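Everything below concerns the one structure shown next.
The values are calculated or read from the model by the stated rules, or taken from the named source; none is laboratory data. This structure is a prediction, so every number in the text was calculated from the model and none was measured. Glycine gets a Cβ as well: all are built from the backbone with ideal geometry, and neighbour counts include every protein chain shown.
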Amino acid sequence: MKIYMETQKCLIIGSGPAGYTAAIYAARADLKPVLYEGMEPGGQLTTTTEVENFPGYPNGIDGPQMMEDLKNQAVRFGTDARWGMVSEIDTDSRPFKVKIDDGTELLAETVIIATGATARYLGLESEEKFKGGGVSACATCDGFFYKGKAVAVIGGGDTAAEEATYLANLASKVYMVHRRDELRASKAMANRVLNTPNIEMLWDSEVKEVVGVEQGFTKALNGAIIRNKKTGEARKIDIEGFFVAIGHKPNTELFKGKLDMDETGYLITKPDSTATNVPGIFAAGDVQDKHFRQAITAAGTGCMAAIEAERFLGEQ
């Protein structure tokens, strides 16, 4: 077990586009950042097979490879990337006292939180099996792959409505599966869904299973079994894409009661800034962004957080 009792200028909690980009900028500013990668190094993109909408990759790139590239770039400039999770943080005074799950304790003059968010899934075994092979939680990330094909969107809120109308411009048909008999989305969004010709609503319905074919490491979804909750009748819909839109959970348990957050747990940052309510602590990426949730926007806020951390230290 290693104990680092020295004070770090900049501690970055979490990896992914926000954390690694923050590390690149902080390292180039000679802040000598220490980054703890967390339970899932690379974040949500490690579950994505192909990333085609991140600038600089004209032929697309595998999600895990892209995260490895970002990490290597951060390390190249002097980031100390460590395996482990932050288990405790004292935000009452600077330098902030931080404990790692392996017993390590350290002090940090600034902290950048990039712990991200976790997409909520239905919890089906078959759903887990076809992640990256047809099952997705992001239409703007993966919708392009289903151009001219039939897909399904699961959910009934604003996010699901937005995903369905977005996909309707690409897919030949969109089934929207909702467990109730009316949408929870706003009136405007609900009207858009109901007035889009190639969206078919499956009311009072739940997904029992997603199905497809597996050949070695290749998985291809080709349908879903949908059950009507009122009649009990089950049917198979032929689809190639399955988009779960029942919300995200920000990974902010560690900061409850310590930092300001909204009712769903997203960290609140100041306008046009990544600064939290505690001076010296910044938040970047999906942990504070519930609107866009894209790799490029996460990277952008990671850049902002590092620049703001550097300026904060310069003013002390």
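Can you give me the number of residues within segment 200-230 that are hydrophobic (A, V, I, L, M, F, W, C) and within 26 Å of the chain's Cα centre (by Cα)?
7
Quickly run through segment 192-205 and pick out the residues that are surrounded by 16 or more Cβ atoms within 10 Å (Cβ to Cβ) and not in a loop (DSSP other than H, G, I, E, B).
R192, V193, I199, M201, L202, S205
Could you go through segment 53-61 and let me know if any residue there is touching a strand residue (DSSP E or B) at 6+ places or on another chain (Cβ under 8 Å) and in contact (Cβ under 8 Å) with a residue 60 or more places away in the chain.
Within segment 53-61, one or more residues are touching a strand residue (DSSP E or B) at 6+ places or on another chain (Cβ under 8 Å) and in contact (Cβ under 8 Å) with a residue 60 or more places away in the chain.
Go through the residues of segment 299-308 one by one and say whether even a single one is surrounded by fewer than 24 Cβ atoms within 10 Å (Cβ to Cβ) and β-branched (V, I, T).
yes
Out of (1) without any contact (Cβ under 8 Å) to a residue 60 or more places away in the chain; (2) out of contact with any Gly (no Cβ under 8 Å at 6 or more places or on another chain); (3) buried (at least 18 other Cβ atoms within 10 Å of the Cβ); (4) among the aliphatic types (A, V, I, L, M), what's the single condition that is false for L183?
Only one criterion in (1) without any contact (Cβ under 8 Å) to a residue 60 or more places away in the chain; (2) out of contact with any Gly (no Cβ under 8 Å at 6 or more places or on another chain); (3) buried (at least 18 other Cβ atoms within 10 Å of the Cβ); (4) among the aliphatic types (A, V, I, L, M) is unmet by L183, namely (2).
Checking E214 against (1) closer than 26 Å to F145 by Cβ; (2) in contact with a helix residue (DSSP H, G or I) (Cβ under 7 Å, 6 or more places away or on another chain), which test does it fail?
For E214, the exception is condition (2).
Hey, can you tell me all the residues within segment 244-293 that are aliphatic (A, V, I, L, M), touching a residue at least 40 places away in the same chain (Cβ under 8 Å) and over 18 Å from L11 (Cβ atoms)?
Across segment 244-293, the qualifying residues are V244, A245, I246.
Out of curiosity, is A161 assigned to a loop (DSSP other than H, G, I, E, B), in contact (Cβ under 8 Å) with a residue 24 or more places away in the chain and hydrophobic (A, V, I, L, M, F, W, C)?
Answer is no for this residue.
Could you tell me whether any residue of segment 136-150 is under 22 Å from R235 (Cβ atoms), crowded, with 17+ Cβ neighbours inside 10 Å and modelled with pLDDT of 95 or more?
Yes, segment 136-150 has at least one match.
Of all residues in segment 14-73, which are at positive phi, at pLDDT 90 or above and part of a helix (DSSP H, G or I)?
G16
Considering only residues that are among the charged types (D, E, K, R) and over 12 Å from the mean Cα position of the chain (by Cα), which ones fall in segment 249-304?
Correct list: E253, K256, K258, D260, D262, E263, K270, D272.
Considering only residues that are of a type in the set (K, R) and either within 28 Å of E68 (Cβ to Cβ) or not in a loop (DSSP other than H, G, I, E, B) (or both), which ones fall in segment 78-101?
R82, K97, K99
Criterion first (modelled with pLDDT of 95 or more and either under 26 Å from A160 (Cα atoms) or of a type in the set (F, W, Y) (or both)) does F292 satisfy it?
no
If you take the residues in segment 216-251 that are basic (K, R) and either more than 24 Å from D181 (Cβ to Cβ) or not assigned by TED's automatic domain parsing to the domain that holds V153 (or both), which one is modelled with the highest pLDDT?
K249
So which of I226, I281 is crowded, with 16+ Cβ neighbours inside 10 Å and under 25 Å from E127 (Cβ atoms)?
Going through I226, I281 in turn, just one is crowded, with 16+ Cβ neighbours inside 10 Å and under 25 Å from E127 (Cβ atoms): I226.
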